[in-house]
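S.K.: The structure follows.
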Amino acid sequence: MNDPRLYPIALTMINGVGHILGRNLLQYFGNAEAIFKEKQQILEKVPGIGEYTAREIKKADVLRKAGKEVDFIDKKDVSLYIITDDMYPYRLKECADAPIVLYGKGNVNLNNRKILSIVGTRRATGYGNDLTEKVIQEIAAAFPDMLIVSGLAYGIDIQAHRCALKYKLPTVGVLAHGLDRIYPHAHRETAIRMLENGGLLTDFPSDTNPDRQNFVMRNRIVAGLADATLVIESADKGGSLITADLAFCYGREVFAFPGRVNDKNSMGCNKLIRVNKAGLITCTQDLLDAMNWEKEEKKQKGSTQTVLAFDEEPGELSEIEQLLRKEPLHINQITLQLGKPVHEVSSLLFDLEMDGKIKALPGQMYKLNG
């Protein structure tokens, strides 16, 4: 088989090669196919590889398993997102441990203009379910195309998906197993409905069971796909806290609703707020204000195109400063207008901020100082 999808998939199936080492190999060799066609002696000399991993790369069984997955993809009409492709979610690509490949089903734009992850306890109370619905209803009224991401689990997750469907927002469920099954089975009907306006996403190949450790790995995708993560209800331990912590480490915005000090279902939220890993919000408007989404939307509606107009000669101003002379911009807008990678733009923004030339605003917005 000489299918270009074969080698990126095979790269994820090598014993001893995780997502970070896999990305390093892609950078070192230029593409996945070159990794598998290189001589073992050369592979052994690559930093981080060694004799054992080089031997694993050269095993024929790896490509055989990848070929089986390609057959599954074609048979089930699964979309494949490869980290080197333009269609790969650019927000997730910024994360160091982003998966090499993603498998998806449905009808969704993973590079949607605005993406919010909503997570919480699996033992949601009536209060938590009602709050989830209220937030999504109000978001749908303000931004009818916002993408809602969650994990299809019991509790807040499934409530977020069902409310998104109810109010006609696209929604994506990130799975901890392959696309040959739905877990939990009780959510199968909802998952099927999501394929019409949203979809299902996973970095696990078919025949992968929903083992406990997979849910922790799944959480990094829930966090990395979105501009912000909202925790509705959470005990002092649980997957939603892991997701929030990952989002915080990725430099994304994290928000949480506070609860009573003696309420076990709010202990996690209160802790996130106490240790400054989540912003305290009491309503949907707090979230929109913190992300500057509403102001950004009004500015975009007021102008059908971006025109760079300056009152004076730009002189020694950088490209970014020239963009910000008109109005504050989100990092994604700056990236698109400059046509540069996100990691490069982030570095430039940091330098300008340290020099006091620009100022960072909530929601990854930036404005010119002065």
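S.K.: Looking at region 121-152 only, could you name the residues that are farther than 30 Å from Gln333 by Cα and open to solvent by less than 10 Å² (accessible area, probe 1.4 Å)?
M.R.: Gly128, Leu152
S.K.: Tally up the residues in region 347-370 that are open to solvent by less than 70 Å² (accessible area, probe 1.4 Å) and either over 30 Å from Gln285 (Cβ atoms) or touching a residue at least 40 places away in the same chain (Cβ under 8 Å) (or both), please.
M.R.: 10
S.K.: Which members of region 206-237 meet the condition of being within 26 Å of Met146 (Cα to Cα) and part of a loop (DSSP other than H, G, I, E, B)?
M.R.: Once the filter is applied, which keeps residues that are within 26 Å of Met146 (Cα to Cα) and part of a loop (DSSP other than H, G, I, E, B), region 206-237 yields Leu225, Ala226, Asp227, Ile232, Glu233, Ser234.
S.K.: With the condition kept exactly as written, say whether any residue in region 179-186 is surrounded by 16 or more Cβ atoms within 10 Å (Cβ to Cβ) and under 20 Å from Glu233 (Cα atoms).
M.R.: Looking through region 179-186, none of the residues is surrounded by 16 or more Cβ atoms within 10 Å (Cβ to Cβ) and under 20 Å from Glu233 (Cα atoms).
S.K.: Please count how many residues of region 229-238 are surrounded by fewer than 24 Cβ atoms within 10 Å (Cβ to Cβ) and touching a helix residue (DSSP H, G or I) at 6+ places or on another chain (Cβ under 6 Å).
M.R.: 2
S.K.: Could you list, in sequence order, all residues of region 116-131 that are touching a residue at least 40 places away in the same chain (Cβ under 8 Å) and more than 20 Å from Asp236 (Cβ to Cβ)?
M.R.: Leu116, Ser117
S.K.: Looking at region 82-98, can you tell me whether even one residue there is surrounded by fewer than 17 Cβ atoms within 10 Å (Cβ to Cβ), assigned to a loop (DSSP other than H, G, I, E, B) and among the small types (Gly, Ala, Ser)?
M.R.: Yes, some residue in region 82-98 is surrounded by fewer than 17 Cβ atoms within 10 Å (Cβ to Cβ), assigned to a loop (DSSP other than H, G, I, E, B) and among the small types (Gly, Ala, Ser).
S.K.: Could we say that Leu230 is in contact (Cβ under 8 Å) with a residue 40 or more places away in the chain and farther than 26 Å from Cys269 by Cβ here?
M.R.: So Leu230 does not fit the description; no.
S.K.: Go through region 8-56 and tell me which helices (runs of 4 or more DSSP H), entirely inside it, have 2 or more residues that are touching a residue at least 40 places away in the same chain (Cβ under 8 Å).
M.R.: By residue number, 19-29.
The values are calculated or read from the model by the stated rules, or taken from the named source; none is laboratory data. Treat the numbers as computed from the prediction; the structure is a model and nothing was measured. With ideal geometry, Cβ positions are generated from the backbone for all residues, glycine too; neighbour counts draw on all protein chains shown. Heavy atoms of the whole protein, side chains included, go into the accessibility calculation; ligands, DNA and RNA do not. Shrake-Rupley method; radii C 1.70, N 1.55, O 1.52, S 1.80 Å.
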